[in-house]
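One structure below.
The values are calculated or read from the model by the stated rules, or taken from the named source; none is laboratory data. None of these values were measured; they are calculated from a predicted model. Neighbour counts are summed over all protein chains in view; Cβ atoms, including those assigned to glycine, are modelled from backbone coordinates with ideal geometry.
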Amino acid sequence: MLHITPEAGLAIQKLTHTQGVSEGGGLRVEARAGDRGFAMSIAALPDETDVVVTEETTGAKVMLDTVTADYVDDKTLDVSDTVESTARFALTDQGTTTD
């Protein structure tokens, strides 16, 4: 199952709060067609068929459609801050980190 780092959870909470999204909302991750990576956006609520993964310490939610959930089953969602203090999310293999 997708692992979410506590740092990524905090970044998701900050983004949802900044955009006025309720506690039921979170980060939506969707696989792009043709192995072109992933699209990420803020969602107010999960879709009925979404797989919802919750980060344990922050309660932040990541919403995945079933196809994307299969792709990220062995991944970790992490975040790093850029110089502009904006969050940059990355999916890595479990057991590795982004620096």
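Only one of the listed residues (18, 54, 5, 76) is at pLDDT below 95 and of a type in the set (Val, Ile, Thr). That residue is 18. For residue 43, state whether it is of a type in the set (A, V, I, L, M), at pLDDT 95 or above and within 13 Å of the chain's Cα centre (by Cα). Judged against the criteria, residue 43 is a match.
Take residue 25 and tell me if it is in contact with a helix residue (DSSP H, G or I) (Cβ under 9 Å, 6 or more places away or on another chain), loosely packed, with under 14 Cβ neighbours inside 10 Å and not charged (D, E, K, R).
So residue 25 does not fit the description; no.
Counting just the residues of segment 1-16 that are of a type in the set (A, V, I, L, M, F, W, C) and assigned to a helix (DSSP H, G or I), which one comes out surrounded by the most Cβ atoms within 10 Å (Cβ to Cβ)? Filtering first and then ranking leaves 12.
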